[in-house]
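The values are calculated or read from the model by the stated rules, or taken from the named source; none is laboratory data. Model, not experiment: these values are computed from the prediction. All Cβ positions, even for glycine, are placed from backbone atoms using ideal geometry, and neighbour counts span all protein chains on display.
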Amino acid sequence: MSIAERVYKNTRIIVVTDDITKLEVAAIVNPANSMLIMGGGVAGAILRAGGREIQEEASKQAPVAVGKAVATRAGKLKAKYVIHAPTMESPAMQIGAQNVKSAMRGALECASHLGIESVAFPGMGTGVGGLKLEEAAEAMVDEIKRHVDSGTPLKKILLVGFNVDLTRAFKRALEKSLP
């Protein structure tokens, strides 16, 4: 169930509280490390739900710089792709908002290159990256707006909170940036 939604230049941006691994979208985003090691957090959840083949396919494409992104098939997930967008170079690094913006840019460009119409993002940098929820949410929404302004073919972007606090941060960022 969405708690906030905006249509911005023909792109629907929807905020939901859900399990990203269960969503029916063309792609879900993994806030990765540059080596694409899928250990804990969102990456671990994607690995458990989607299967080892995601990790095996991702490993063949590593390393990936922060600001770039690569796609793999999604294994057993309902999504077709997993977009691996590094927010940090090494696992469990503390990061800043600029890393989130770079990772978002890479993920959105990857989604556009795939020619898909829907993508779901978890809280980028909000786990081991250590960013405050509001700071991460604002950086994410700013990059979505910038990408849509550049003429994105994406029709639907979901911001997925795994808990109510993250969902509220996404909602506030969306209301602030796209009133």
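General remarks:
- Contacts under 6 angstrom Cβ, first residue in the stretch 72-92 being farther than 13 Å from L47 by Cβ and among the polar types (S, T, N, Q), partner in a loop (DSSP other than H, G, I, E, B) and modelled with pLDDT of 95 or more, 6 or more apart: T87/M124
- Residue that is surrounded by the most Cβ atoms within 10 Å (Cβ to Cβ), among those in the stretch 148-179 that are under 23 Å from N33 (Cβ atoms) and more than 14 Å from the chain's Cα centre (by Cα): A169
- Screening the stretch 1-60 for strands (runs of 3 or more DSSP E) wholly inside it with 1 or more residues that are modelled with pLDDT under 95 and touching a Phe, Trp or Tyr at 6+ places or on another chain (Cβ under 9 Å) returns the ranges 2-8.
- Taken over the stretch 119-130, the residue count meeting the criterion of being at pLDDT below 95, surrounded by 18 or more Cβ atoms within 10 Å (Cβ to Cβ) and over 19 Å from A65 (Cβ atoms) is 2.
- The stretch 91-118 - residue that is surrounded by fewer than 17 Cβ atoms within 10 Å (Cβ to Cβ) and among the polar types (S, T, N, Q) and, of those, nearest to I157 (Cα to Cα): S112
- Test: residue in the stretch 131-147 that is in contact (Cβ under 8 Å) with a residue 60 or more places away in the chain, of a type outside the set (S, T, N, Q), under 23 Å from N33 (Cα atoms) and surrounded by fewer than 21 Cβ atoms within 10 Å (Cβ to Cβ): no
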